[in-house]
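First the structure, then my questions, so here it is.
No value in this document is a laboratory result; all are computed from the given coordinates. None of the values given here were measured: they were computed from a predicted structure. No Cβ is skipped: glycine too gets one built from the backbone with ideal geometry, and neighbour counts run over all protein chains shown.
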Amino acid sequence: MTDPLAVNPTLSVTVQVELALRLTVGLVLGAIIGFERELHRQPAGFRTHSLVALGAALFAIISGYGYTGDNADPTRIAAQIVSGIGFLGAGTILQFRGHIRGLTTAASLWSVAAVGAATGTGLYVLAVLGTVLIIVVLSLLDRVEDFARQRYNLAPPGYNVDDDEASEGQTKDMSP
């Protein structure tokens, strides 16, 4: 019978420094996105996004370096990151008096987990590009949406459950 510790090779100091860099980059990129959410006073902000990215990076590193051997499947942990963050994101979605809030924050947490997983696997360019694109969606597209609402006199942001039910009722009444 083999010693379980003998299955996992010891990592050199150089590899450990690289893995520490991956964690740090994941944390920083998550913090950048979290800062944008904090500026918009969202329930999940700077610290939450930082921790999600850091945790996803750590799980990706554990997946890639923590388990080796014939029966190891590094994709199992990555798959659980997605479902775990889905659960966390669901906690940021609130319904109050027919209005639903927090969908964008939940989506940003899910995206930040992907950025963290990318840094954990060493895909720095994709992680940085993902961060930039997330910031574009959260910041610039928010301004485009506000401009369109003002320009075309559209309803204020937010999904209203009561309006949806009312519009369904109107549609049913208007149909032949």
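List the trypsin sites (Lys or Arg not before Pro) within region 37-102 that fall in a DSSP loop (any state other than H, G, I, E or B) and whose Cβ has at most 11 other Cβ atoms within 10 Å.
Passing both the DSSP loop test and the Cβ count: ARG41, ARG97.
Out of residues 5 or more away from HIS99 or on other chains, whose amide H comes under 5 Å of its own, with H placed 1.01 Å from N in the peptide plane?
Result for HIS99 returns VAL161.
On to the next question. Using 0.36 nm per residue, how much length does the chain from HIS40 to VAL17 gain when fully extended, once their Cα-Cα distance is taken away?
That works out to 4.8 nm of additional length.
Right, something else. Please give the FRET efficiency for ILE62 paired with ILE93, using the beta carbon to beta carbon distance and R0 = 25 Å, rounded to the nearest 0.05.
Efficiency, from the Cβ-Cβ distance: 0.30.
What would the Debye formula give as log10 I(q)/I(0) at q = 0.15 Å⁻¹ for the alpha-carbon point model of region 34-130, no solvent?
-0.60
Quickly rank 127-138, 10-21, 108-119 as a protection proxy: mean count of other C-beta atoms within 10 Å, highest first.
Taking the mean over residues of other Cβ atoms within 10 Å, the ranking is 108-119, 127-138, 10-21.
Something else now. If I stretch the segment between THR75 and LEU126 completely, what's the gain in nm (0.36 nm per residue apart, minus their alpha carbon distance), one decimal?
16.5 nm
Next question, about the same structure. Enumerate the calculated ³J(HN,Hα) couplings along region 123-134 in order (Karplus 6.51 cos²θ - 1.76 cosθ + 1.60, θ = phi - 60°), each rounded to whole Hz, writing x wherever the residue is Gly or Pro.
Each residue of region 123-134 in turn: 8, 4, 4, 5, 5, 5, 4, x, 4, 4, 5, 5 Hz.
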